[in-house]
Structures are given as C-alpha cells and as structure tokens.
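Let me begin by presenting the structure, written as structure tokens, before commenting on it.
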Amino acid sequence: MIELDGLRRTYRAKGRPVVAVDGVDLAVRAGEVFGVVGRSGAGKSTLLRCVNLLERPDEGRVTVDGVELTGLAGDRLRAARQRIGMIHQHFALLSSRTAAGNVAFALEVMGVGRAERARRVAELLDLVGLADRADAYPAQLSGGQKQRVGIARALAGRPKVLLSDEATSALDPETTRSILGLLRDLNQRLGLTILLITHEMDVVKRLCDSAAVMRDGRITESGRVTELIARPGSELAAEVFPLGPPPVLPDTTVVDVTVTSDDQPFVADLARRYDLDVRILGGAVEQLAGGRAGRLRLALPGNPEQTAPAVAHLRATGLTVEVPA
Ligand SMILES: Nc1ncnc2c1ncn2[C@@H]1O[C@H](COP(=O)(O)OP(=O)(O)OP(=O)(O)O)[C@@H](O)[C@H]1O
C-alpha cells in the first residue's frame, strides 16, 4: 500500500547539509499498522512527511495505493493527497471553529457541498465517538477529545492511508490507550492502513503489526513485530522488552529467551530434562497487537560450559536464546 524506494532528504542548516533521511526503502502492506521508532533526530518526522509529500524528497520514489506521488504535481497531487489522512501530536485544530467546524473545514477544502458536508461531519464525529461534542470548541475539549476531532478530520477524504505523527505523545496513559483502541478499531473496520511514528513502546505493543527502527536517517531493522522481537540482537526487542544489564552471579549462566506464541513450556522441560533449578530473574510476556511475545531472563545453575547442553537444547527447539555478556 505504501512503498518507499531509495528515499533521501537533505536539509541545509548553517550552510551545512544535514541528511535527515538517508536512502530508505520501506513497504507497508495494505491493512496493516506499521510503526517507525527511533530516537529524537533519527529522521522519523521527515520520513513521514515525505510520504504525503509535505516534504519533497531529493531522491527516491513514494508510491501510495499504486500511485507514484513523486511523479505528480498540481491538482493530481492534491487529489492523491486527499486520500492520505494525517494526525499530529498537537492536534493542529482551528481554535476558532467547533469540533464540527474543524471537520467541515476539511470537507470544504475538498469542495464538498453544504448538505453533504453536514451529513459527513455527523457521520465522522459519530465514528470517533464524539457526536455529543460537535458544538464544543477545541479549548473546551480534553486532549483525547481533540485527537478524536483530528482523526475525524483526517478521515474526511475517505483515505485508505492514515499517517500518524506521535499522535499520543501529548496524552496521559489512559487517554493514550483509548486513542490506540480507536485507531485499531478504525484499522479493522475500515481496512485503514496506518503508518505511524512514535517513541512510545506501548504504541508498538498495542497497535503495530509491523515496525521499523530508524537511526541516523536509515532503517536498521524492519519486519513483523513478533519476528523482530525473536531476532537475535534486535534493538526493537531490547526497547519493547528491556532486560537491562545482566547480574553477575557465581556459578550461574544467565540466558535471555524470547517467547512467541507457539512456544512449548520450555522452563519445565529444561528443569526435567537436565535436572536444573531454573530461576526466572526478570522479563515479561504480553499479548501484543501482532501476537503473544516477550522475553524472559533465566538463571541456570552452573558455568557456561556446564550449561551448554541445556542452552543448545533450548536453541534446538527453535527459541531465540542470548547469553548476555
Ligand atoms: N527544517 C529543517 N531544517 C534543517 N534541519 C532539519 C529540519 N527538519 C529536521 N532537520 C534535521 O533533520 C534530522 C531529522 O529530524 P526529524 O525531525 O525528521 O527527526 P525525528 O526522528 O522525527 O526527531 P523528533 O522525534 O525529535 O522529531 C535532525 O538532525 C534535524 O535536526
């Protein structure tokens, strides 16, 4: 649904080039929620803004729903852009217009007539659960309600794709959960493809089917969330399920095991097979949007040489096992 090929965007700051996006290839499948994570300055916002050409890439191609946007200009580009909704961290609402007025404004820009506009505004506010606040001004709405208006407005052009720029970063945890629930619901009910950028791992856990990690303008890893978490050395795994530095324990081998949905009861199996008193030092296993996954840190009695057969057995059963240094 979204394909980025060889995307590059350079800014000039104080006379020097700053490569914000440095040759990015990315494919987002129709109907999936795809999250791009990375530290501040990694190039996430620039990448997202290149998808609807708010930012013109210097090089590379952007294709959305089979249309190469980088090959369009003028009215054809405007029309293609209407099919891509966008929501923002600080909502970007017009303070002088009510919730209904903000959504109506998007429809006005698209040339939708008055009667149709009124019908669509009611429908869109209903879709985001805000029908009863249609006449409220942004200053009278909570952060979560403002983001609901932002989402209704982004859906005005019946887009197939929604871009989300840190949509929940300004919200408290409970409101974040309700907005993530709404986005998941819209993704499923409307078949909406969502590409989002975030620095919140909770967003990746609760909403994303797939994800990519961005660093210094490049994608360093990308794939389905559950697959990435099971990949040895994955940065995403360490961010989503942090285990921290390993403790130093005498005559003990510390191992980090990635758990995914089809795993066997491996702790009990290990204890039985090798007569080991396996201890769980930390970790978590959760139901994510893309399936059950997690990481557990285990302590096996014995030095690495003594525990090697048990570790090899864990690996042979298909588990990702890392022995942290
Ligand atoms: N308009 C601009 N002019 C000059 N440099 C810019 C501009 N916009 C972004 N940059 C630079 O490009 C790089 C990537 O910025 P970008 O905002 O895309 O990163 P980000 O990952 O979204 O970070 P954040 O989460 O802090 O917004 C940074 O080094 C930033 O300073």
The summed charge of the residue 140 Cβ neighbourhood (under 14 Å; Lys/Arg +1, Asp/Glu -1) stands at +2
The summed charge of the residue 155 Cβ neighbourhood (under 13 Å; Lys/Arg +1, Asp/Glu -1) stands at +4
Rounded to whole angstrom, the alpha-carbon centroid of the stretch 45-87 lies from that of the stretch 110-142 at a distance of 26 Å
For the chain, the Cα-Cα pair-distance distribution in 20 Å bins from 0, as whole percents, is 29, 48, 20, 3
FRET efficiency for residue 12 and residue 76 from the Cβ-Cβ distance with R0 = 22 Å, rounded to 0.05, comes out at 0.15
In nanometres, the difference between 0.36 nm per residue of separation and the alpha-carbon distance of residue 30 and residue 108 is 25.3 nm
Per the rule of 0.36 nm per residue minus the C-alpha distance, extending residue 22 to residue 83 adds in nm 19.3 nm
Fewest to most Cβ atoms within 10 Å: 174, 239 sort as 174, 239
Fewest to most Cβ atoms within 10 Å: 272, 61 sort as 272, 61
Scoring the chain by relative contact order with C-alpha pairs under 8 Å, at least six apart, yields a percentage of 18 percent
Ordered by number, the GluC sites (Glu not before Pro) in the stretch 1-93 that occupy a DSSP loop and have at most 13 other Cβ atoms within 10 Å are none
Extend 7 Å from the Cα of residue 119 along its Cα-to-C-beta direction; within the stretch 73-99, residues with backbone N under 16 Å of that point are none
Magnitude of the Cβ-charge dipole (Lys and Arg +1, Asp and Glu -1) of the chain about the Cα centre, nearest 20 debye, reported as 1300 debye
If 178, 142, 96, 222 are placed from fewest to most neighbouring beta carbons inside 10 Å, the sequence is 96, 142, 178, 222
For residue 216, placing the label point 7 angstrom along Cα-to-beta-carbon and taking the stretch 2-45, residues whose amide nitrogen sits under 14 Å are 19-23, 39, 42-43
Residue span residue 54 to residue 170: 0.36 nm per residue of separation minus Cα-Cα distance leaves a gain in nm of 39.5 nm
The stretch 1-133: relative contact order from alpha carbon pairs under 8 Å, six or more residues apart, as a whole percent, is 20 percent
Looking only at lysines whose Cα falls under 22 Å of residue 205's and that sit 8 or more positions away or on another chain, we get 44
quick note, the stretch 2-229, DSSP beta bridge pairs, % antiparallel (nearest 5) is 55 percent
Relative contact order in percent for the stretch 243-316 (Cα pairs under 8 Å, 6+ apart) equals 39 percent
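None of the figures in this text is laboratory data; all of them are computed from the coordinates on show. Just so we're clear, the structure is a prediction, and the values are computed from it rather than from any experiment. Here Cβ is always computed from backbone atoms with ideal geometry, including for glycine, and neighbour counts include all displayed protein chains.
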